[in-house]
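Student: Dropping the structure in here first, questions after.
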Amino acid sequence: MSQAIPIIPDPFSGAAAAPPVQPAATETIELLSPGVTPRQLFVLLHDAGGTAADMLELGGLLGDAFAQAAVLIPEGFSGPHADAAGAAASGQDDAAALALRVEALAAFVRLQQQRFDVLQSDTALAGLGAGASLALALSDAHDGLVGRLLSFGGGYQIWPARAPALTTLHLLHGQNDRVVPVARTRRDFEHLMELGADATLDVAATLGHELHPALMDQAVNRLQTCVPLRHWRAA
């Protein structure tokens, strides 16, 4: 579990971005503050069957909490199944298809980091359902491409073999989620703890598979109060 102290951290801090690769064209909602040079970058990923507009409430909340952030909501990166692990287990999705989605997303993130001149460590990725699963897969394939990750009602399609060293993971889930069972996310978290990952898990007792204000508020709280363990270890 990440250690928390009551401060707003410096915009996450760290490594230089990799050379950008041109991603496939995608429709993107952009929430930018006029006249402000972004210091942080948030990329939000909608669920299977959803649209970018589904993430607007979270985007607005993050923009209010981090006034110097650019918030981007691309459409179309997420996989076709909200329950990514279940789809993989039943043969409806596979590792090759997931890898293609991960690389397309990685190219998009790198391009936006270059565009806004934002460090990888000052970038956060958030997703709901299939978007969360894709974000987690990216953190496994490209450790440190983002400094923080918010997973709402998602889970790993394929368990990581090692913990990300440069990405802090925040898992948020509804206890009554009937799309992605909370038990699966608890197992994901236990696996991350066994690997020594910097991760947190928050479960809301009465919620289902949704971007509920209670979970979104907790996500902002995690971003504002959890100092990444890599900073403690380097101190």
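Only the coordinates and a few stated rules stand behind these numbers; no lab work does. The structure presented is a predicted model; accordingly, all values stated were derived computationally and were not measured. As a convention, Cβ positions derive from the backbone with ideal geometry for all residues, glycine included, and neighbour counts pool all protein chains shown.
Student: Consider the range 162-192. How many of its residues are among the hydrophobic types (A, V, I, L, M, F, W, C), surrounded by fewer than 18 Cβ atoms within 10 Å (Cβ to Cβ) and touching a residue at least 12 places away in the same chain (Cβ under 8 Å)?
Tutor: Final tally of qualifying residues: 1.
Student: Moving on to the next point. In the range 38-52, what residues are in a loop (DSSP other than H, G, I, E, B) and either of a type in the set (Gly, Ala, Ser) or crowded, with 17+ Cβ neighbours inside 10 Å (or both)?
Tutor: 38, 39, 46, 47, 48, 49, 50, listed by residue number.
Student: Which members of the range 64-87 meet the condition of being over 17 Å from the mean Cα position of the chain (by Cα) and under 15 Å from residue 123 (Cβ atoms)?
Tutor: The answer is 68, and nothing else.
Student: Out of the range 143-158, which residues are free of Cβ contacts under 8 Å to residues at least 60 places away in the same chain and in contact with a Lys or Arg (Cβ under 9 Å, 6 or more places away or on another chain)?
Tutor: Once the filter is applied, which keeps residues that are free of Cβ contacts under 8 Å to residues at least 60 places away in the same chain and in contact with a Lys or Arg (Cβ under 9 Å, 6 or more places away or on another chain), the range 143-158 yields only 143.
Student: A further question follows. Please find, among 163, 132, 197, 126, the residue that is outside any helix (DSSP H, G or I), out of contact with any helix residue (DSSP H, G or I) (no Cβ under 8 Å at 6 or more places or on another chain), hydrophobic (A, V, I, L, M, F, W, C) and under 24 Å from residue 223 (Cβ atoms).
Tutor: Being outside any helix (DSSP H, G or I), out of contact with any helix residue (DSSP H, G or I) (no Cβ under 8 Å at 6 or more places or on another chain), hydrophobic (A, V, I, L, M, F, W, C) and under 24 Å from residue 223 (Cβ atoms) holds for just one of 163, 132, 197, 126, which is 197.
Student: Are there any pairs with C-beta distances below 8 angstrom linking a residue in the range 53-80 that is assigned to a loop (DSSP other than H, G, I, E, B) to a residue that is of a type in the set (Phe, Trp, Tyr), with the two at least 6 apart or on different chains, and if so which?
Tutor: Going by the 8 Å Cβ cut-off, the qualifying pairs are 66/42; 77/108.
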